[in-house]
Amino acid sequence: MSVADQLPSKKSPDAIVFDLGGVIVDWQPRYVYEQLFTDRAELDYFLKNVVNGPWMLLTDSGSHDWPTATAELCAKFPKYKSQIEAFRPRWMEMLRGEIHDSVELLKRLKLQGQRLLGLTNWASDTYDESLPRLPSLALFEGIVVSGQEKLRKPDPAIFRLVCQRYGIDAGNSIYIDDNQANVDAAARLGFDALFFSSPTLLAADLLQRGALRP
């Protein structure tokens, strides 16, 4: 008896919805700021308290343009003015490309007939600039980008938008993210929500659910 024969028979999900950054796309501000700070403790402080997730959500959600978001942060942290002002001009240096093993998993899922969708917190301009370096995004049937929609995770509205736009049922779909708050928000709406820690562990989770075949 094969491994596949031993797995329980399960209904295929309507779709598998992926976050992009940290799951499919290797993008980290640390790649640039390691060059601008010599003190590791100060670097960690800067990334945690200055150019952090809440600040990035201003542009990811489309509520602020880059000049406004930058000026506001510089006024709050004048000591780091030059480092803050480097963020947008050096954004593409923070993009290393794609996470190879995640892309290989995407290809397997696509070949096996799964519907693949993306849901990402990403500013619309930097998303468009990044596309030529991210060919795997063509594997997705569609991608909802927060900066284009003026909505952002973990707002339930953006999860509902994905469901409405692509005709999927959250209760029969899988959502994958490396941000626990987003995973929790998706779970509250009925998604089978998975926290991403590595492509290997994700493959095991999908195999267990019958969403991936050996």
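The values are calculated or read from the model by the stated rules, or taken from the named source; none is laboratory data. Given the structure is predicted, the values throughout are model-derived calculations rather than measurements. When we count neighbours, we look across all protein chains shown, and the Cβ atoms used for this are built from the backbone with ideal geometry, even at glycine.
Checking the structure you have, find out if any residue of the stretch 96-105 is over 30 Å from Ile168 (Cβ atoms), out of contact with any Cys (no Cβ under 6 Å at 6 or more places or on another chain) and surrounded by fewer than 19 Cβ atoms within 10 Å (Cβ to Cβ).
For the stretch 96-105, residues over 30 Å from Ile168 (Cβ atoms), out of contact with any Cys (no Cβ under 6 Å at 6 or more places or on another chain) and surrounded by fewer than 19 Cβ atoms within 10 Å (Cβ to Cβ): present.
Hey, among Arg188, Arg213, which residue is at pLDDT below 95, charged (D, E, K, R) and over 25 Å from Ser130 (Cα atoms)?
After ruling out the rest, the residue left standing is Arg213.
Taking the stretch 155-185 as the region of interest, how many residues are under 12 Å from the mean Cα position of the chain (by Cα), assigned to a loop (DSSP other than H, G, I, E, B) and not polar (S, T, N, Q)?
Residues in the stretch 155-185 being under 12 Å from the mean Cα position of the chain (by Cα), assigned to a loop (DSSP other than H, G, I, E, B) and not polar (S, T, N, Q): 1 in total.
Counting residues that are under 19 Å from the mean Cα position of the chain (by Cα), which helices (runs of 4 or more DSSP H) fully inside the stretch 17-96 reach at least 1?
Numbers: elements: 30-36, 40-49, 53-60, 66-76, 81-85.
Once the helices (runs of 4 or more DSSP H) in the stretch 17-96 are filtered for at least 1 residues that are under 19 Å from the mean Cα position of the chain (by Cα), what remains is 30-36, 40-49, 53-60.
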